[in-house]
Amino acid sequence: MVTPLTIDVVSDVVCPWCYLGKKRLEATLAARKDIAPEIRWRPFFLDPTVPRAGKPRIEYITGKFGGTDKITPAHERLTGLGKAAGIDFHFEKIEMQPNTLDAHRLIGWASAEGKADAIVENIFADFFVNGVDLTDLAALAAAAASGGMAGAKVAADLASGKDEELIAKQAQAASASGIGGVPFFVFGGKVAVAGAQETEVLSAAIDQALEAAAAK
C-alpha cells in the first residue's frame, strides 16, 4: 500500500547544505516506494540583511566570516559531500551574494503549478554549479522557463511587486517558529528533522511520521 505523506522543506537557495539536503531527500524517497510524497517548499532567509540588489560575494564572506580563507575548509568539505550526492559545487564561480526574496517568489509560483521541484533544482544548480547571479531577474525567468513555466509571465511577475509581502511574512514566520537553521524538514506535520541528514535519518523520520499517522 502506498501512503500519502506531506514533507515540508524549509530552505534557502543560497544555503549549500539545503542543496545537499534536497539531494539526500530525493535519494531517500527513491528508496521509499511505500509513500507518495507531497513536497512543500517553504521560504527562509539565511541572511535577511543582504540588500535587494545583492552584495559582492567576497565582500559578503569577508564581512560575515572575516575572510575567504575562513570559509575554505567548509567549502572543501561540502564539495566532497556534494560529489557523493551528485552535486558539482563550484563556489569559486559565485561573484554575487543575492537577496533571495525574488527566488522564493518564483518558487511559490512554481509550487502553485506543481513544478516547484524542478524550479528549485534549477535555481540551486544555477547558483552553486554555474555561479549565476540570482539578483538577475532574467536568469530567474530562464530557470522558470527551463522548468516548464511560462518565462515571459514569470519575468513580468518578477518585475512587479507580486507576493513580495507574502513571501517575506512566510519567511519571518519560519524564523519566529524557532527554526534557526536550514534545511529543516517536517514529515507529515509531525516529525521534524534539522540539517542535511543522511538518508537513514530521513527514512527513520518517515517511519515515525507514518506511525504517528496510523496511531490517530
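Where a number appears in this text, it was derived from the coordinates with a stated rule and is not lab data. Treat the numbers as computed from the prediction; the structure is a model and nothing was measured. So basically every Cβ, Gly included, is an ideal-geometry build from the backbone, and we count neighbours across all protein chains shown.
A compact table of results
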read-out	value
FRET E, pair Lys93, Asp69, Förster distance 25 Å, beta-carbon r, rounded to 0.05	0.85
C-alpha long axis of helix 68-85 to longest principal axis of the chain, angle in °	40 degrees
Angle in degrees between helix 164-176 and the longest Cα principal axis of the chain, rounded to the nearest 10	60 degrees
Most mobile listed residue (Lys64, Lys153, Lys55) in the chain, GNM with C-alpha springs under 10 Å	Lys64
Number of Lys pairs (Cα under 14 Å; 8 or more positions apart or on different chains) in the chain	5
Length-normalised contact order of the stretch 3-214 in % [C-alpha pairs under 8 Å, at least 6 apart]	30 percent
Between the stretch 154-199 and the stretch 61-108, the Cα center-to-center distance that results, in Å	18 Å
Under 5 Å, built H, 5+ apart or other chain: amide partners of Trp41	Val9
Per principal axis, descending, Cα span of the chain in whole Å	51, 41, 32
Angle in degrees between helix 199-214 and the longest Cα principal axis of the chain, rounded to the nearest 10	50 degrees
Point-to-point label distance, Val129-Thr3, nm (Cα→Cβ direction, 7 Å offset)	3.4 nm
